[in-house]
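**Student:** Please read through the structure below; I'll follow up with questions.
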Amino acid sequence: MLLLNVPYAEKDEAKSLGAKWNPKFKKWYVTNSKDYYKFIKWFEEDYEERFLICDYIYLVSKNRKCPYCGFENNEIKVMITEYYNFYFEPDNDGEFYEYCSGADSPRIIDLSPAKRLIKGKVLNFLKINYNIDLVNGRLSQHCKFCDRQIKISPSFDFGIHSLEETKYFTLYKIPIKEDVFLDNVGWCSTDEYIYTYSKKIVV
């Protein structure tokens, strides 16, 4: 579901394109992610380049030793596979977009830049399985053995040097209730191999 910022005077136009009214949020919304490009002018975000993550994400888990007790916990990142890449070209005075699906261009993101996705079912899964929670708006992880706080490092390397290394990764597929805009989404050439060859579990 994508919430839209539709002025009252334009509600009939939005409705004709397939938008529906959500009385809870008091906003118009759409649910078919492949139609989102039709509603660009009502996006709530100002953007030069934005990634709109749709439908679900993967949580990527890899073994990591606690720096205090030495026992293995897990380093977690987010992988997006269903998304639009929207960007704006001022010289051409228009919006452009690319829809990406599946293994075409998966991207692994650190937890902090992906924090807007960490809510609802995703947050509950992280709390229960990885001792990760939002504390005062910041993500916090505690070792499941010694309970000391482990720094969530954006520099942790999730790259691989061979396909053999993909056996150390597990991907958990989790639906997201509301589709989310992110910016500063990076990319690594090995993300596709991690997506293709690692073990996947549907949550």
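Rule-based calculations on the coordinates, nothing more; no lab input. Just so we're clear, the structure is a prediction, and the values are computed from it rather than from any experiment. Here the Cβ positions follow ideal geometry from the backbone for every residue, glycine too, while neighbour counts run over all protein chains shown.
**Student:** Under 25 °C and 0.890 mPa s, how fast does the chain diffuse according to Stokes-Einstein, given a Kirkwood radius computed over C-alpha pairs? Answer in µm²/s, whole number.
**Tutor:** Rounded to a whole number, D works out at 133 µm²/s.
**Student:** Report ³J(HN,Hα) in whole Hz for each residue of the range 29-35, in order, from the Karplus equation J = 6.51 cos²θ - 1.76 cosθ + 1.60 where θ = phi - 60°; Gly and Pro get x.
**Tutor:** In residue order, the calculated couplings are 8, 10, 10, 8, 4, 6, 9 Hz.
**Student:** Now a separate question. As a footprinting exposure proxy, order 58, 68 by other Cβ within 10 Å, with the fewest listed first.
**Tutor:** So the ranking, lowest neighbour count to highest, is 68, 58.
**Student:** Between the helical axis of 120-130 and the dominant principal axis of the chain, each derived from Cα atoms, what acute angle in degrees is found, rounded to the nearest 10?
**Tutor:** 10
**Student:** Could you pull out every Cys in the chain that lacks a partner Cys with its beta carbon under 4.7 Å away?
**Tutor:** 54, 100, 188
**Student:** For the chain, modelled as a Gaussian network with Cα springs under 10 Å, which listed residue fluctuates most, 24, 121, 77?
**Tutor:** With Cα springs under 10 Å in the chain, the top fluctuation among 24, 121, 77 is at 24.
**Student:** Please report, in debye to the nearest 20, how large the charge dipole of the range 45-202 is about its Cα centre when each Lys and Arg carries +1 at its beta carbon and each Asp and Glu carries -1 there.
**Tutor:** 1460
**Student:** OK, next. Output ³J(HN,Hα) for the range 8-21: one whole-Hz value per residue in order, computed from phi by the Karplus curve 6.51 cos²θ - 1.76 cosθ + 1.60 with θ = phi - 60°, and x for Gly and Pro.
**Tutor:** After applying 6.51 cos²θ - 1.76 cosθ + 1.60, I find 4, 5, 10, 4, 5, 5, 4, 5, 5, 8, x, 6, 10, 8 Hz.
**Student:** Something else now. Would you pull out the residues with amide H under 5 Å of residue 73's amide H, same chain only if 5 or more places away, H placed 1.01 Å from N?
**Tutor:** 64, 65, 66
**Student:** Taking a 32 Å limit on the Cα-Cα distance, which of the listed pairs 26/151; 115/199; 34/199 fall beyond it?
**Tutor:** 26/151
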